[in-house]
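Colleague: Mind looking over this structure? Questions follow.
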Amino acid sequence: MRLGDFAMRFVGFMLLVAGWLLALAALVILGAPVPRAAFVFAGLAIEILGLIFVFRSYSIPREKKG
Amino acid sequence: MPTSGLSEIGMATCIFMILLSPLAGAGLALINAGLGRSRSAAHIMMASLSVLAIAALIYFAFGFGWEGFTGGPAHVLTLSGKGWNWIASEPFFFRKLALDGSPSGLAALLQIFCVGLAALIPLGSGAERWSLRATCLSTAILAAWTYPLFAHWVWGGGWLAQLGVNYGLGNGFLDVGGASSIHVLGGLTALAVTWILGPRRGKYSADGMAPAIPGHNAVLILFGCLLALLGWFGLNSAGAILFNGGQPSRSVLVAMNTILSAAAASLTAAFITKVRFGKPDASLTANGWIAGLVASSAVCAFVIPAEAVVIGSIAGMVVTFSIEFFELRLEVDDPGGAISVHALGGIWGILALGMFAHFHGPVPNLASGSVSLADGSASGQWLAQLIGVATLLGFILPMTYGINWVLNRFYPFRVSVEGERQGMDLHELGAGAYPEFITHSEDFIPR
């Protein structure tokens, strides 16, 4: 496994967890519905970014295909 | 209260529905076998049986202790004055569990089948390269920890179910038949396993092509769909009675929505493939059928039939395109389509509940420990559903990936190159599923 792939994967999973924690923090800290919803959406957006990183890290190098 | 007894009719209906639910597992096993190549068919069925057996035993030993049932002992963390019920502390080995028709006993029985179903889902993705030993180990962890933890949050009075009571988000996270705790959890585990295993040998060629590796038996696939329908009737109806306070008569609406969602999803998939490829594709139509069932699992007790048709149609569309997207763009080799069908279909179902659900009168998230609020509109329900999805992606996926990654370090998941070439049946079991296809030299010896 290439170091770059490993780093990207690690960052991706960290982003997934960070997005979840942001959504939880919004629940605990924010009371008003609109900011709370905005933070939950932001958390989900970070999770999607994390997913993109992990998927990218698993793309198969051309020389390994076949 | 959730732990109050069911009526005689309620209990009888619930038991009947629970006993139908293993058919969902039988259907999935047949579909997975049919979608794989013939040289690995016996291996898939053997792995399915092993997975069901291990899941039942491990859940009996440990799983129910962590999952529990609403109103039972649990560990609660207090944050800003609100209790976050995060894990149950029931005795292991079903000690102190009343197996006499009480809701907790019925829930434990239902959960034994549910955990097996969740564990079957990754088999479709890891088909033709995931060793039997590693499959069993991964299943043991799923049944002992991953599934019970999340199922407690949804069905055992955990913090997701209490989002309504604690934070005014509708009725809290709702999931009638396990779209989240069974299907998305299983689908995300399938994604983690697929990442770890890598694609089947020869799936992606150096020139960038990804040749299709068709399933070996469309009859198994389509018969599996019919069996799965019966199983889903059981899962959804039992879930509605046990976790959402549905009366037995509500099973009519639940069953109606279940079949309509599946029908709409499969026809949508058939139509899309007919338009795109000239002929309807049997395996994608079957995947659409299952995706419709999965999506219905979340919403079946809270929508009208016309909405179930819309939800099913969207599920069928999502699955048809996402299977191709995963295979060709993301280079995820998922022979059974489990990630698209179960993870995406389930996520769509969870979100659809937030968008379409109607609550008439006091409802019914019994999993939260109280017959909650329900002002009819249940404002904030969609946010509760969204937080459930964020939890699945941001907590369950990294955790299940981490667990399987560590397991793979000690017990490599993938069989050897030789094993893959030979086929999993001969390599791992020593005999094929269809021995009559092999010509024996003694057949030609004159007698």
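The values are calculated or read from the model by the stated rules, or taken from the named source; none is laboratory data. Computed from a predicted model, the values in this text were never measured in an experiment. Positions of Cβ are generated from backbone atoms using ideal geometry, with glycine treated the same way; all protein chains shown enter the neighbour counts.
Colleague: Yes or no: the range B:190-199 includes at least one residue that is within 24 Å of B:Asn236 (Cα to Cα), in a helix (DSSP H, G or I) and within 17 Å of the chain's Cα centre (by Cα). Please lay out each step first, then the result.
Modeller: Within the range B:190-199, the first condition is being within 24 Å of B:Asn236 (Cα to Cα), and the residues that meet it are B:190.
Adding the requirement that they be in a helix (DSSP H, G or I) leaves B:190.
Of the ones still in play, those that are also within 17 Å of the chain's Cα centre (by Cα) are B:190.
Yes; the residues of the range B:190-199 include at least one that is within 24 Å of B:Asn236 (Cα to Cα), in a helix (DSSP H, G or I) and within 17 Å of the chain's Cα centre (by Cα).
Colleague: Taking the range A:32-43 as the search range and keeping residues that are at the interface with another protein chain (Cβ under 7 Å from one of its Cβ atoms) and hydrophobic (A, V, I, L, M, F, W, C), which one is farthest from the chain's Cα centre (by Cα)?
Modeller: So, considering only residues that are at the interface with another protein chain (Cβ under 7 Å from one of its Cβ atoms) and hydrophobic (A, V, I, L, M, F, W, C), the one farthest from the chain's Cα centre (by Cα) is A:Ala37.
Colleague: Same structure again: Would you point out the residue of the range B:154-163, among those that are away from every other protein chain (no Cβ under 12 Å) and assigned to a helix (DSSP H, G or I), that is surrounded by the most Cβ atoms within 10 Å (Cβ to Cβ)?
Modeller: So, considering only residues that are away from every other protein chain (no Cβ under 12 Å) and assigned to a helix (DSSP H, G or I), the one surrounded by the most Cβ atoms within 10 Å (Cβ to Cβ) is B:Trp155.
Colleague: Please specify each residue of the range B:60-99 satisfying the condition of being surrounded by 22 or more Cβ atoms within 10 Å (Cβ to Cβ) and of a type in the set (Val, Ile, Thr).
Modeller: Listed by number, the list holds a single entry, B:Thr70.
Colleague: Tell me which residues, restricted to the range B:270-320, are within 26 Å of B:Val154 (Cα to Cα) and of a type in the set (Val, Ile, Thr).
Modeller: The answer is B:Ile290, B:Val294, B:Val299, B:Val303, B:Ile304, B:Val309, B:Val310, B:Ile311, B:Ile314, B:Val318, B:Val319.
Colleague: Filter the range B:89-137 for residues that are outside any loop (DSSP other than H, G, I, E, B), of a type in the set (S, T, N, Q) and over 18 Å from B:Met45 (Cβ atoms) and give the result. Outline the logic, then answer.
Modeller: Of all residues in the range B:89-137, those outside any loop (DSSP other than H, G, I, E, B) come to B:103-125, B:130, B:132-137.
Remaining after also requiring of a type in the set (S, T, N, Q): B:104, B:111, B:125, B:135.
Hits for the range B:89-137 are B:Ser104, B:Gln111.
Colleague: Run B:Trp232 past the list (1) in a loop (DSSP other than H, G, I, E, B); (2) touching a Gly at 6+ places or on another chain (Cβ under 9 Å); (3) away from every other protein chain (no Cβ under 14 Å) and report the number of the one that doesn't hold.
Modeller: (1)
Colleague: Inspect the range B:176-189 for any residue being within 26 Å of the chain's Cα centre (by Cα), at pLDDT 90 or above, facing chain A (nearest Cβ under 9 Å) and more than 30 Å from B:Ser80 (Cβ to Cβ) and give the result as yes or no.
Modeller: At the first step, the residues of the range B:176-189 found to be within 26 Å of the chain's Cα centre (by Cα) are B:176-189.
Next, from what is left, pick out any that are at pLDDT 90 or above: B:176-189.
Imposing the further condition that a residue be facing chain A (nearest Cβ under 9 Å) reduces the set to none.
No - not one qualifying residue is present in the range B:176-189.
Colleague: Pairs under 8 Å by beta carbon, first residue without any contact (Cβ under 8 Å) to a residue 24 or more places away in the chain and within 8 Å of another protein chain (Cβ to nearest Cβ) in the range B:191-210, partner outside any loop (DSSP other than H, G, I, E, B) and of a type outside the set (A, V, I, L, M), six or more apart or different chains?
Modeller: Close Cβ pairs (under 8 Å, with a partner that is outside any loop (DSSP other than H, G, I, E, B) and of a type outside the set (A, V, I, L, M)) amount to B:Ala206/A:Arg62; B:Ala206/A:Glu63; B:Gly208/A:Arg62.
Colleague: So B:Phe302 fits all but one of (1) out of contact with any Phe, Trp or Tyr (no Cβ under 6 Å at 6 or more places or on another chain); (2) surrounded by fewer than 24 Cβ atoms within 10 Å (Cβ to Cβ); what number is the exception?
Modeller: Only one criterion in (1) out of contact with any Phe, Trp or Tyr (no Cβ under 6 Å at 6 or more places or on another chain); (2) surrounded by fewer than 24 Cβ atoms within 10 Å (Cβ to Cβ) is unmet by B:Phe302, namely (2).
Colleague: Specify which of the listed residues (A:Ile46, A:Ile52, A:Ile29, A:Ile60) is within 11 Å of chain B (Cβ to nearest Cβ), more than 19 Å from the chain's Cα centre (by Cα) and either in contact (Cβ under 8 Å) with a residue 40 or more places away in the chain or surrounded by 14 or more Cβ atoms within 10 Å (Cβ to Cβ) (or both). Reasoning before the result, please.
Modeller: Numbers: A:Ile46 fails: more than 19 Å from the chain's Cα centre (by Cα); A:Ile52 fails: more than 19 Å from the chain's Cα centre (by Cα); A:Ile29 fails: either in contact (Cβ under 8 Å) with a residue 40 or more places away in the chain or surrounded by 14 or more Cβ atoms within 10 Å (Cβ to Cβ) (or both).
A:Ile60 is the lone residue from the list that is within 11 Å of chain B (Cβ to nearest Cβ), more than 19 Å from the chain's Cα centre (by Cα) and either in contact (Cβ under 8 Å) with a residue 40 or more places away in the chain or surrounded by 14 or more Cβ atoms within 10 Å (Cβ to Cβ) (or both).
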